[in-house]
1. Just need the relative contact order of the chain here, percent rounded to a whole number, with Cα pairs under 8 Å and 6+ apart.
2. On the principal axes of its Cα set, how long, how wide and how thick is the chain? Give whole Å, largest value first.
3. Could you give each residue of segment 72-77 its phi-based ³J(HN,Hα) in whole Hz, using Karplus coefficients 6.51, -1.76, 1.60 with θ = phi - 60°, and x for Gly or Pro?
4. Have a look at LEU38, LEU131, LEU157 and tell me which one the Gaussian network model of the chain (Cα, springs below 10 Å) gives the largest fluctuation.
5. Relative contact order, percent, of segment 100-206 when contacts are C-alpha pairs under 8 Å separated by at least 6 residues?
6. Give me, ordered by chain and number, the residues 5 or more places off ILE11 or on other chains with an amide H under 5 Å from its own placed amide H.
7. Only four residue types carry charge here, +1 at the Cβ of Lys and Arg and -1 at the Cβ of Asp and Glu. Report the dipole size of segment 5-126 about the Cα centre in Debye, rounded to the nearest 20.
8. For the chain, with the dipole built from +1 on Lys and Arg beta-carbon atoms and -1 on Asp and Glu ones, taken about the Cα centre, which of THR182, TYR198, GLN136 lies farthest toward the positive end?
Amino acid sequence: MNNGIPNHVAIIMDGNGRWATKQGKKRTDGHYAGYKRLKKTALYILSKGVKYLSVFAFSTENFGRSSEEVGYLMDLFVKAFKKERTFFKDNNIKVLFSGRKKPLSDDVLKIIDIIQEDTKDCSGGVFNVCLNYGAQAEIVDATKKIAQLYKEDKISLDDIDTNTYYHYLYNDLPPVDLMIRTSGEIRISNFMLYSLSYAELYFTSTCFPDFDEKEFDKALEDYQNRNITKGKIK
Ligand code: FPP
């Protein structure tokens, strides 16, 4: 059996804090290491022929962490995206962000707009960064968009089905084929609930800063050998 290359891969990048603590470092050092790892692993995944890569960079619940950690992460997003502006264009990667705008700072919102605008014509793969993201909120927001369009007579109820519903999510992306979660936690944690419906799930005890090319190859091999039925014949 070989299921080929998954079209859409999604990653819950978990374990930055534990990775750092194990080495006697600060949790924030783990996030920095996660960012460095993400740059290399993301490029590798897209170079394998994966067309869409979604990553969980910050959940709405993450705002409940210490102000030091939240501040560090927000600052890292701004600095990293400013620094990597040319990286995405040079590698022909289109960057998208999924999540609610509130309560992100103007600095974060500004760099999000810049990167999306900068890379909107790139065609070598899509990198979807889930930032201030929650999947239940995404479904609620999509439903509100649909209700508003219906109220304005711009759609009819027959226009909405399980396929067209994707158009109303934060970004209109195809369903996820392979979802990876690092660090040994076996949960979905409110990540891409609609799009994960038929995804293959892969859990590894490796913490995200160690999730390198070889680790992705293991996940890919596992995926390729699965009996994927999507509810049809086995
Ligand atoms: C979860 O690990 C990870 C996060 C909340 C942040 C993920 C962010 C990155 C990998 C940096 C990405 C950078 C850019 C520029 C997109 P955790 O802190 O929950 O780890 P723990 O469970 O061990 O505490």
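Throughout, read-outs are computed from the coordinates displayed, never taken from laboratory work. This structure is a prediction, so every number in the text was calculated from the model and none was measured. Cβ coordinates were reconstructed from backbone atoms using ideal geometry, including for glycine residues, and neighbour counts include every protein chain displayed.
1. Numbers: 367 pairs, mean separation 69.9, N = 234.
That works out to 30 percent.
2. 57, 48, 35
3. For segment 72-77, the Karplus-derived couplings read 4, 5, 4, 5, 5, 4 Hz, x marking Gly and Pro.
4. Answer for the Gaussian network model of the chain: LEU157.
5. Working: 84 pairs, mean separation 26.2, N = 107.
Computed over segment 100-206, the figure is 25 percent.
6. Correct list: SER54, VAL55, PHE56, ILE180.
7. Working: 23 positive and 14 negative charges, 78 e Å.
Charge dipole, segment 5-126, about its Cα centre: 380 debye, nearest 20.
8. In the chain, that residue is THR182.
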